[in-house]
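Step one of this worksheet: look at the structure below.
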Amino acid sequence: MARNIQSLERAAAMLRLLAGGERRLGLSDIASSLGLAKGTAHGILRTLQQEGFVEQDDASGRYQLGAELLRLGTTYLDVHELRARALVWTDDLARSSGESVYLGVLHQQGVLIVHHVFRPDDSRQVLEIGAMQPLHSTALGKVLSAYDPVAHSEALEADRKAFTDRTVCDLDAFEHLLDLTRARGYAADVEETWEGVASVAAPIHDRRRMPVGAVGITGAVERLRRDGELRPELIAAVRDCARAVSRDLGAGRF
């Protein structure tokens, strides 16, 4: 019979302890709770911290669960399930808005497009499933960066390239955009990534109310705006779609 690896068992016990106890625990508390020497406990915590599974508060020195666990936790929701739940609602959104609809998830410091509904007209269009979009300039990326702490960290660490003269690259200005996104429940991209193109996106949550993706529409600026402002009925339609998908994933009412 195969023997268990003791260091992995201890690491798992630490994660369970941090998940089930107080918000933050000190080294002595962790070591005594698990019956470990401080040196042993510190070595495991240091490794978990390097991998992003544990974070240490600079002021108190106490430990808490890290953002990398959120990334692993969201794999509980299979991307195929997200897409399957969104099929009907994204089709409805394309019909009601008259624009292309995109469903995106965080992947390798960007937004991976996992579903794309064509604009319902006779124009020639290219399927963009599997394409990557930047986090800092697109509406989908801003939504993920605003609601997902892992995406937020990656957007801050990434090279925020200026795609147009409207792209927001400054850190403080970008953080302000994320605050605005959280306050109003959606993000916008008006010629920040592509000249003449605008987008609106809103977050999708799962049954644990974790952010698992974003849905949005993209089209010509002149169609998405009226009198210099994004059309409120389009914003409402995108938010309604995101809420509907979230409800189907078990998130309840938002």
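When only alpha carbons are used to place a centre, segment 163-220 and segment 78-124 end up 15 Å from one another. Overall, the accessible surface of the chain at a probe of 1.4 angstrom is composed of carbon and sulfur to the extent of 50 percent. Accessible surface for Lys161 stands near 110 Å², nearest 10, in the context of the full protein assembly shown (1.4 Å probe). In this rough spin-label picture, where each label sits 7 Å from Cα along the Cβ direction, the Arg166-Ala236 distance is 2.4 nm. For Cα Rg over 2.2 N^0.38 Å, which listed value, (i) 1.26; (ii) 1.17; (iii) 1.10, comes from the coordinates shown? Read-out from the structure maps to (ii). Model label sites at Asp122 and Ser28, defined 7 Å from Cα along the beta-carbon direction, differ in position by 7.9 nm. On a per residue basis, the chain carries 52 Å² of accessible surface, using protein heavy atoms and a 1.4 Å probe. Given a 1.4 Å probe and the protein chains as shown, Leu180 ends up with an accessible area of around 70 Å².
Arranged from highest to lowest average of other beta-carbon atoms within 10 Å per residue, in what order do the peptides 211-222, 55-66 appear?
Descending packing order for the listed peptides: 211-222, 55-66.
Placing a label point 7 Å from the Cα of Glu81 along the Cα-to-Cβ direction, the residues of segment 228-247 whose backbone N falls under 16 Å from that point are 245-247. Working ranking of peptides 223-234, 189-200 by packing, defined as the average number of other Cβ atoms within 10 Å per residue, highest first, is 189-200, 223-234. The simple spin-label model puts a point 7 Å past each Cα toward its Cβ; for Arg16 and Ala37 those points are separated by 2.4 nm. Accessible area per residue was computed with a 1.4 Å probe on protein heavy atoms; His152 scores about 50 Å².
The values are calculated or read from the model by the stated rules, or taken from the named source; none is laboratory data. Values in this document were obtained by computation on a predicted structure and should not be read as measured data. Backbone-built Cβ (ideal geometry, glycine too); neighbour counts: all protein chains shown. These area figures cover heavy atoms from the full protein model, side chains too; ligands, DNA and RNA do not enter into them. Shrake-Rupley method; radii C 1.70, N 1.55, O 1.52, S 1.80 Å.
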